[in-house]
Structures are given as structure tokens and as C-alpha cells.
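First comes the structure, then the notes that go with it.
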Amino acid sequence: MRLLCRMLPGPREAVLPSATTPDYRVLFIRYERIGDMIMATSLIRNIAKALPGGKVDVIATPSTAPVLEGNPYVGRVLMLERKSFLSYSNLMRRLRRERYTVMVDGRINNPPIFTSTPLLMYAGGARFRVGAGGDSEPRIYNVCVPEWNRTSHYIEGSKLLVVPFGVDPQSVDWQPEIFLTEEERTQAEARWKEARELVTPSAGATTGVTKRLLVNLSASEVKRRWPDGKFIATLQTARARAPSMPIIVIGLPAEWESVDKVAAEVNGLAVRTPKVRDAFALVGTSDMVFTPDTSISHAASAFRKATLVLGCAPSIRREHKPYAPFNTPGEVIAWPEDDVYQLPHERVSQALNKLLADFGG
């Protein structure tokens, strides 16, 4: 690693040159998880706005690249299959051809010495490398910003990465964003119409809470997955409060049986979401979201939707919530155990009822 660091081009310490010409090109590195990429969209936007070309190229994986579709601040998306040595080799060859001016490491929660970042930066040959807390040996970055304290929100920790580009982090918007196509919105609206038709005849009228509730069952880890029975008990309470409220239930394709069962028990509509963009469209056209701590909660943040999030202590700390949805109305329930299985549905019902009262119309 030390040998690789000595081979990196450019001065040992540097200040970014002014971005005055279109050939001033920036590559952003942040590729692991969908939720992480969603949170990174505000940083990408604020860097891009400081550049003459108004765009930033991004390294992404097949699972995270859909987050960037239609984003006007993203130029090229360079694909990386993290488990493929061939993919790394192909990406490194492409980086040598692209000749970036600046490479930005957005992975502020991963020490660079333990990641593939230095290798990618070496392949890219950029003379300027921006990162957080990389001023110790072996030195990866030559434009360093203070290290994230891991207690404030992750986006708060990312804000300092715009400072080298001459941007005042306090003067810009930091809300993440996802861009939908008209076709995606139209298809999602059609699903909500179906959900409305399920409840309107039985309700007899459209009084009471009539705004849309999207429920996601799935989580990226077993410890974050709440049991189907508790979802049903909580949603039945919500349904009694709001008989005419359209409810859509989604989940991973492997959990379709659970999605169908929960939806049937609460007079909601089960919707298949084979692509993550299908789920994003339903989030973007909803009014409220109820989900475990997963990428759907960050999508809700990107669309500024009121959200109830279920998390456990290892994933969402009780006092400081560095990975919670950013600047999003609603509530995060941080259950102080290693998993959410024992989280009582009465506690969640109380929070969901409050969400309906505050944001249900």
C-alpha cells in the first residue's frame, strides 16, 4: 500500500485548481449500496454545480447505477462488478483512458487503506485526489478534508467534500434526489388507482385519511426484517382508522408470498417490483412510507415523503442516527436490540397512527 501511494501522481499536498474549462473532469467514487448512493446524490449535485460542464462521472455497480438514471448532474456511469476481477481490470483500463482531473472518494465510512480506492485512483492517474481523513500514512489523498466523526448524519460528514471545489456547504441544499421518467410515474399512478379501487367501494366514500401509504416489507439483512404477523396487526389498526386509505405493499421478489399475504389481510394492493426503479416510482408517487431500515427509507428521503422507519441498535444508533433518512418528516424507531423481531407491534402502531394523523390529510 505504501508503494502504491508513492506511485500516485501529483503533489503530496495540493489545493484544487479553479474549474474554468470544460476539460476539468471529476470522477466520484461511491458504489457499494443503494442507500449510500441515494445519500450521495446531494454531494454529486453540489460538486457538479461548481463545474463548467455541470456534470460528474460516477463509479457504480449494477445494483446502484439505477439510482443515477435521469440525474442531470451525472455524466458517465462507469460500471464495476465488485466480485469480478475482470470487471476491476476493465474499469482500470478505462480509467487510464479517461484522464480525470480530480477523483473524489465519497466513501467516508471506509478507511482508504482497507479498500480498492487507492488502486482505482492509481489507475485513473488524476493529479488531484479528494477524500476525508486521509492525511495519515500511507497517504492516499492530496486534498484532504476533516474525517467524519461517525456520530453526525452521514450526509453531514460528506458536506466538507465540496469545500475544495469552492462551495460553501451551508449555502446549498443537501436533500438527496431521484429522478423519475413520465412513464415510470404513469405506471405507478396506475397501481395507486388500483389500490384506491380496492377500498372505495367498501368505504362508501372517500372521507377520512385518503392519502397513499406505501409499505415495504423487505430489508437487506435478516436482523432488520420485521415479522409478517406484526406488519399485519399494525396495518389492520391503521386500516380501521383510515378505511379509505390506498395501501400498496411491496417487497423483494423472493418475498412475494409475504407481500401478497400482508396486502390481502389489510385490503391493500400487492405490487411486484422486479426492478428497483419500480419501487422508486411507487415511493415517489406515495404520500407516506412505512419500511424497515433499508434503501427504501433513503428513497423516501429523496422524494421528501413522510416516513416511519424500523431499525435496530446496530443499524441506527439511538441518540445519533448517522444512516437514518436525511431531513425527512416522520419517525425512526431504533429498537435497542440486535434485531427488530421482538419490537412490539403496539409501539409501531402508535407511531403509524401518529404518521397518519400528522401527514395523512
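Overview of values
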| item | result |
| --- | --- |
| Residue identified as β-branched (Val, Ile, Thr) and more than 30 Å from Glu183 (Cβ to Cβ) among Val283, Val332, Val262 | Val332 |
| In the range 39-55, residue nearest to the chain's Cα centre (by Cα) [restricted to those that are over 15 Å from Tyr100 (Cα atoms) and outside any loop (DSSP other than H, G, I, E, B)] | Met39 |
| Options Ala240, Ala306, Ala281, Ala302: the member that is hydrophobic (A, V, I, L, M, F, W, C) and surrounded by fewer than 18 Cβ atoms within 10 Å (Cβ to Cβ) | Ala240 |
| Residue that is most open to solvent (accessible area, probe 1.4 Å) [pool: residues in the range 92-151 that are modelled with pLDDT of 80 or more and at positive phi] | Arg99 |
| Odd one out for Leu27, checked against (1) assigned to a helix (DSSP H, G or I); (2) touching an Asp or Glu at 6+ places or on another chain (Cβ under 6 Å) | (1) |
| Subset tally (residues that are among the β-branched types (Val, Ile, Thr), over 15 Å from Met103 (Cα atoms) and surrounded by 13 or more Cβ atoms within 10 Å (Cβ to Cβ)) for the range 1-37 | 1 |
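The rows are residues; the columns are (1) under 22 Å from Glu184 (Cβ atoms); (2) not small (Gly, Ala, Ser).
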{"site": "Pro9", "(1), (2)": "no, yes"}
{"site": "Arg12", "(1), (2)": "no, yes"}
{"site": "Ala19", "(1), (2)": "no, no"}
{"site": "Pro22", "(1), (2)": "no, yes"}
{"site": "Ala50", "(1), (2)": "no, no"}
{"site": "Glu69", "(1), (2)": "yes, yes"}
{"site": "Val74", "(1), (2)": "yes, yes"}
{"site": "Arg99", "(1), (2)": "no, yes"}
{"site": "Asp105", "(1), (2)": "no, yes"}
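The values are calculated or read from the model by the stated rules, or taken from the named source; none is laboratory data. Computed from a predicted model, the values in this text were never measured in an experiment. Ideal geometry is used to build each Cβ from the backbone, glycine not excepted, and the neighbour counts take in all protein chains shown. Note: accessible area is taken over every heavy atom of the protein model, side chains too, but ligands, DNA and RNA are not part of it. Shrake-Rupley method; radii C 1.70, N 1.55, O 1.52, S 1.80 Å.
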